[in-house]
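The values are calculated or read from the model by the stated rules, or taken from the named source; none is laboratory data. None of these values were measured; they are calculated from a predicted model. Here the Cβ positions follow ideal geometry from the backbone for every residue, glycine too, while neighbour counts run over all protein chains shown. The area values use the complete protein model at the heavy-atom level, side chains included, leaving out ligands, DNA and RNA. Shrake-Rupley method; radii C 1.70, N 1.55, O 1.52, S 1.80 Å.
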Amino acid sequence: MTAKDTGSLRALRRTNSERMLSALMEHGALHRAELARICGVSRTTVSTIVADLITGGVVIEAVGDQVARAGIDASEVDGRARGFLQANPAAGAAAGLDFTLERVWCHVTDLAGRTLASDGVSVDRDTPWQERLTAGVGLLDTLLAQTGVDRSALLGVAIGVPGPLDLQTGVVGPSLPGQAWAGVNVSAEFGRLLDVPLLVDNNTRLEAVAEFTWGAGRGERDVLFLGLSTGIGAGLLVDGNLHHGGSRGGGGEAGHISADPAGAQCPCGNRGCLVQYASLNAVLDTLHLDDIDQLLASAQAGDPDTVRALRAAGEVTGRVLANICNLLNPGLIIIGGELARTGDLILEPIRATLRRSAMALTRDAEVVAAQLDLGVRAGASGAAALVLRQTDQLVAALLAGTDLRPNEAV
């Protein structure tokens with residue numbers, strides 16, 4: 001066998017290992033036969049690779065309540081319960097940090113995605129990024145100490161920040177006024193304090209990952225998340241993979257799609273941007289209200305002006321989403337952010353306008369409200385999920401030192 005053949009077999013074996021670990025992390029306990037079906041490999045390949053994964057402590061046999069929690073009657077599968085496998089929760093941990101204007105949140109999970117700890121702290125709006133960084137690392141260390149997890153057990157930490165992130169330079173671009181992270185290379189700065197693999201992303205995209213993994217998008221493959229908050233951002237998952245856009249990662253700025261070319265000029269330089277009509281601030285300004293609590297109280301009371309303002313915001317959002325659906329045709333649209341808390345007062349106008357404005361083949365996308373906690377909590381849990389979804393890095397880290405023999409089944 002040539003060196004090229006050996007390398008190809010090793011690469012294929014690694015890919016199959018990644019697929020199996022990913023399937024177990026996504027679906028929970030699976031029978032070997034079901035694992036083979038999901039991954040598109042033979043039972044022989046499953047047996048060979050799983051043996052290495054078990055030896056490496058990455059996968060364990062699932063029995064009893066672990067199988068029951070997966071909603072499976074083990075006796076119905078070949079009459080044997082022993083054929084079930086699951087990712088070993090104790091094999092490692094993942095952490096997510098998310099930063100908003102006034103909050104820092106940290107979320108720690110085990111390898112199976114179960115929450116080990118989750119908590120946050122408040123910061124002043126004018127707190128500089130250096131102090132935010134210190135607060136985030138301190139919060140992470142506090143939660144690790146509470147759960148008995150050492151930093152060395154972390155497979156990675158993902159960090160969510162507001163604003164566009166340039167994937168080429170790693171620097172956060174300007175977004176909201178007073179954005180503390182603008183101009184900062186977040187990964188480099190955290191890397192000075194954390195000797196673990198680091199990922200950095202926009203926190204709206206991390207909310208999308210959270211909803212896809214644990215919320216309203218669970219079980220779907222193509223999902224668009226739209227966050228109607230102080231700003232408006234989007235996260236798109238295509239076949240389960242987070243889409244960033246081109247080489248610089250500028251995708252997701254749905255708030256700056258023009259809803260009215262003749263509208264007022266936006267600070268971004270465009271005119272009539274969606275954020276000028278359908279953000280939380282835009283609705284509050286229209287109604288002369290101070291905060292989301294006042295808006296929710298007014299909506300619950302059925303105030304006619306509030307109902308009209310939310311309908312208008314929903315209709316303009318629906319028109320923009322119709323264009324997105326015509327281009328991308330997502331199967332599910334999840335509406336998050338504070339305005340989603342007004343429920344059908346904004347969701348129904350979005351749905352009706354989308355059905356009216358999109359083309360026949362794309363207008364049937366289901367529109368639902370986000371299920372998870374708003375903002376910083378969801379962003380932190382999505383950050384932890386993002387670490388777990390990087391299965392190529394996970395397998396390399398978890399199986400370090402394991403001999404994946406290239407002459408065996410792949």
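The modelled label-to-label distance between residue 147 and residue 193, using points 7 Å beyond Cα along the C-beta direction, is 1.9 nm.
Over the chain, dividing the summed -39,500 (n - 2.57) contributions of all DSSP H runs of at least 4 residues by the number of residues returns a 222 nm mean residue ellipticity of -13000 deg cm²/dmol. Round to the nearest 10 and give me the degree value, 0 to 90, for the angle of helix 43-55's Cα axis relative to the longest principal axis of the chain. With rounding to tens, the tilt is 90 degrees.
Note on the stretch 257-327: dipole from Cβ charges, positive end direction compared against 272, 307, 287; the farthest Cα belongs to 272. On full extension, the segment bounded by residue 220 and residue 37 gains 64.1 nm, given 0.36 nm per residue less the C-alpha separation. Averaging Cα coordinates gives a centre for the stretch 97-130 and one for the stretch 132-158; these two points are 10 Å apart.
Taking every protein chain into account, the accessible area of the chain amounts to 45 square angstrom per residue (probe 1.4 Å).
Spacing of the modelled spin labels on residue 265 and residue 369, each 7 Å from Cα toward Cβ, amounts to 3.9 nm.
Taking Cα atoms only, the orientation of helix 376-389 departs from the longest principal axis of the chain by about 30 degrees.
Would you work out what percent of the accessible area of the chain, with all protein chains in place, is carbon or sulfur (probe 1.4 Å)? It would help to have the intermediate numbers written out before the result.
Details: 9030 of 18400 Å².
The nonpolar share, carbon plus sulfur, comes to 49 percent.
For the chain, the longest principal axis of the alpha carbon atoms and the long axis of helix 203-214 meet at an angle near 50°.
For the chain, what does the relative contact order come out to in percent, with C-alpha contacts under 8 Å and a separation of six or more?
Details: 798 pairs, mean separation 78.9, N = 410.
RCO, the chain: 19 percent.
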